[in-house]
Structures are given as C-alpha cells and as structure tokens.
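Remarks on the structure that follows.
The values are calculated or read from the model by the stated rules, or taken from the named source; none is laboratory data. Because the structure is a prediction, the values reported are computed rather than measured. Here the Cβ positions follow ideal geometry from the backbone for every residue, glycine too, while neighbour counts run over all protein chains shown. Ligands, DNA and RNA are stripped out before the accessible areas are found, and what is left, the full protein with its side chains, is counted by its heavy atoms. Shrake-Rupley method; radii C 1.70, N 1.55, O 1.52, S 1.80 Å.
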Amino acid sequence: MDHNDNHLNKSRVELHAKDYHKKRRILAWLSCLIALLASVVCVYSAYIYFRTKDTVDDAYDAKNSVRIIKGEFNGKKKFAVLLMGSDTGALDRKEKIGNTDTIIIVVVNPQKKRYTLMSVPRDTMAQMVGADQFQVKKINAAYPVGGAAMSMASVSKLVNVPIKYYVLVNMKGIMRLIRYVGGINIRPTLSFEYGGYIFKKNQLTHMGGGGALAYSRMRYDDPEGDYGRQKRQRQVITTIIKKAVSINTLTRLDSVLSSVSGNLKTNLPFDALRQIAFNYRDSTKNVKNDYLHGHNATIDGSSYQVQSTKELQRVSDYLRAELGLPEAPVNNNETYQNKRNKIDGFSFKNPDSQEYHIYEDYQDQSYQEEGDY
C-alpha cells in the first residue's frame with residue numbers, strides 16, 4: 001500500500017485536525033510577528049519620547065519655574081506665553097546675551113479655536129520691573145538686564161495682563177527649526193533685498209532658514225519701519241506653526257524638537273509642552289495678529305516708541321478678554337509718565353517725534369487715568 005493509500009484511509013476528523021493545527025501554527029507565527037513589530041514600535045516610541053524629553057529638559061529654565069495646576073493645559077483653559085526672539089546665534093551675531101528684538105504676547109483661546117500674536121515694539125518705553133532701582137529703558141533691554149523674569153514682569157505690567165510662561169529662541173534656533181520642517185512658503189508683503197536674498201511682493205516664495213530669517217529681520221528699507229518687520233515676523237511664525245502642526249511622524253517630530261536644542265529656553269516643563277501640543281491643535285486653526293501702536297519720541301537723545309494710555313488700555317482689554325479676565329484700568333509707570341508729559345505739552349495726536357521726559361518720582365502709584373494720554 002503506497003503513501004496515497006494511507007492518506008485516503010485517514011478519517012475526516014484526522015484530516016481536519018491536521019489542517020486546524022497547521023492554521024494554528026500560522027496564526028501563532030503571525031501573532032509573534034505582530035507582537036515583535038509592536039515591541040519595536042513601543043521601544044522606538046519610548047526612545048523618541050525620552051530623547052525628546054532630554055532635549056526639552058536641556059532647555060528648561062528651572063530658575064523661573066512656576067507651579068502648574070492640574071488640568072491647566074487640558075485643551076479647555078486659556079493661557080498666555082511670552083515669545084521672545086534673541087538677536088544672537090546667527091548672521092554674524094556673537095553676543096551671548098542679546099536684546100530680545102522680537103517680543104510677542106501669545107494668547108491661546110481654545111473656545112474660539114484661535115491664538116493671538118500681539119507684538120510689542122522693541123523700542124517701546126517701559127519700566128524695568130524687578131530692578132534694584134527705578135529704571136526706564138526700551139522693552140527689548142529687559143532680558144539682558146534682568147533675564148526672563150524681568151521680561152515677563154515688565155511686559156505684564158505694561159499691558160496689565162498676567163504672564164508667567166515664556167519661550168526664548170535665538171536666531172540660530174529659528175533657522176534650524178525652519179530647515180527641519182522643510183522650509184516655509186510665504187508671499188512677501190513687499191519687495192526688497194536683504195542679506196543676499198531677494199524677495200518679490202506677493203510672489204509665493206519658498207524660504208529656508210536663512211531666507212526666512214533675512215525676510216523677518218529687515219527693518220530700515222520697510223516704509224513701516226519696525227512695525228513692518230513685526231508683521232513679517234508674525235507671518236513667519238504663523239507659517240511655521242501651520243507647518244509644524246502638519247507634521248505627524250515620530251521621526252520628523254524628533255528632528256524638529258532636536259533642531260532647537262541649545263537654542264531654546266523656556267520655563268514650560270516637558271509634560272506641559274506635550275499637553276499643549278496634544279490638546280491645543282484645534283487652537284491653531286485661526287490666528288489674530290495685532291500690535292501695540294506706538295508714537296515716535298526722543299528720550300535723553302535716544303529714539304523710543306511711547307504707547308498712549310488709550311492704546312495700552314485697548315490692548316489690555318483685548319488680551320484680558322481672550323484670557324477670560326474682566327477689564328481693568330491700566331495704571332503703571334507708562335500711564336504716569338504719559339500724564340506728566342501731557343502737562344508738558346506732549347501730544348499723541350502729533351505724528352512728529354517729540355521730546356519725552358521720564359519723571360523718576362514714580363513709585364508704582366495707583367490712580368485713575370482720564371482721556372487719551
């Protein structure tokens with residue numbers, strides 16, 4: 001009797017049992033393969049998580065740490081962050097601690113699914129809040145004078161809005177970030193040449209790190225001066241945010257975060273940044289751009305931007321509303337100086353640059369302002 005005869009003499013139960021065991025072996029093999037792949041993904045995800053955490057931890061500013069309430073970044077609560085750009089780290093800038101020529105109050109409003117970028121002109125006159133003695137300087141000097149704490153306190157006092165978080169990035173970090181997101185596409189607001197780059201108004205232009213930085217830094221050839229530069233800075237920032245939000249792969253995300261390593265400082269811990277990235281994606285769908293509209297003035301021979309009390313109140317009311325806070329009068333050194341200078345004849349209705357005097361008798365007085373000072 002040959003082999004085929006033996007096979008034919010087997011019962012149907014025996015044949016089905018053989019097929020069943022064969023299928024079980026295949027399923028077991030597939031299960032092992034899937035488990036192996038899952039393990040690899042988990043291990044790699046953990047590697048990316050901890051590598052990213054290490055990168056952010058290196059940037060964490062423990063000196064200016066604040067207590068974060070549970071659920072503070074749950075995707076429902078509003079919050080504000082002071083975004084600062086330092087003029088160091090690129091384009092032949094060698095200073096270790098430079099002025100923060102980019103100062104933007106960022107307010108995230110998940111209820112309206114939007115965020116606000118409120119620019120503060122670098123030359124804005126402001127009290128250096130937290131200094132050992134009374135000092136009034138340009139707001140961009142707050143960081144080199146007293147670090148992030150003084151910057152947050154001075155901007156917060158300027159517009160009467162609570163700010164306890166900050167992110168500082170230097171120019172080298174901005175260039176690397178743009179490079180790692182694959183560059184950005186922007187339609188320039190005007191035509192100009194700067195740093196070897198040529199920009200044509202309204203012509204869609206792909207910019208790498210160097211080009212985007214040059215585009216956002218030019219000031220003197222802009223008819224709007226620093227205000228025009230602020231517009232371009234906000235344009236670059238919003239484009240970066242849109243590009244970054246569209247990145248979903250673990251590898252790419254790790255590269256983006258690693259790209260700013262050594263060029264970023266923040267008092268937001270890793271877990272908070274992770275929650276913000278995960279819970280507030282919908283808040284990036286819309287953006288509101290605005291800025292403090294200052295007036296040209298000369299203080300002790302230097303050019304400044306001074307903000308009227310009316311303008312400070314306008315910005316304060318808007319930002320407080322975005323944060324869910326009630327309106328409150330802005331009473332600070334700037335409103336006090338405005339009141340004194342109005343008596344001297346300074347007028348915010350005059351478009352020309354005027355002399356502005358700083359009265360050092362200000363002692364954080366509280367009083368109700370009247371009219372447009």
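What are the pairs, 6+ residues apart or on separate chains, where a residue within the range 117-143 that is on the phi > 0 side of the Ramachandran plot has its Cβ under 6 Å from a residue that is open to solvent by 30 Å² or more (accessible area, probe 1.4 Å) and charged (D, E, K, R)?
none
Which of the residues belonging to the range 164-207 are among the β-branched types (V, I, T), under 21 Å from the mean Cα position of the chain (by Cα) and open to solvent by less than 40 Å² (accessible area, probe 1.4 Å)?
Scanning the range 164-207 gives V167, V169, I178, V181, I184, I186.
Can you pull out the residues in the range 112-142 that are among the aromatic types (F, W, Y) and out of contact with any helix residue (DSSP H, G or I) (no Cβ under 7 Å at 6 or more places or on another chain)?
Answer for the range 112-142, where residues must be among the aromatic types (F, W, Y) and out of contact with any helix residue (DSSP H, G or I) (no Cβ under 7 Å at 6 or more places or on another chain): just F134.
Only one of these is at pLDDT 90 or above and either within 24 Å of T116 (Cα to Cα) or hydroxyl-bearing (S, T, Y) (or both): D290, D271. Name it.
D290
Does the range 317-331 include one or more residues that are of a type outside the set (S, T, N, Q), within 21 Å of Q354 (Cα to Cα) and in contact (Cβ under 8 Å) with a residue 24 or more places away in the chain?
So far as the range 317-331 goes, no, none of its residues is of a type outside the set (S, T, N, Q), within 21 Å of Q354 (Cα to Cα) and in contact (Cβ under 8 Å) with a residue 24 or more places away in the chain.
Please note which helices (runs of 4 or more DSSP H) are completely contained in the range 263-355 and include at least 2 residues that are within 30 Å of K242 (Cβ to Cβ) and small (G, A, S).
The helices (runs of 4 or more DSSP H) meeting that bar are 270-279, 309-322.
Which pairs turn up if I take residues in the range 350-373 that are over 17 Å from H293 (Cα atoms) and at pLDDT 90 or above and look for partners that are open to solvent by 60 Å² or more (accessible area, probe 1.4 Å) and among the basic types (K, R) with beta carbon separation below 6 Å, at least 6 apart in sequence or on another chain?
Y359/R340
Please find, among A214, A149, A141, the residue that is within 22 Å of Q305 (Cβ to Cβ) and either part of a helix (DSSP H, G or I) or open to solvent by 20 Å² or more (accessible area, probe 1.4 Å) (or both).
A141
Which condition from (1) open to solvent by less than 50 Å² (accessible area, probe 1.4 Å); (2) part of a helix (DSSP H, G or I); (3) modelled with pLDDT of 95 or more is the one that V161 breaks?
(2)
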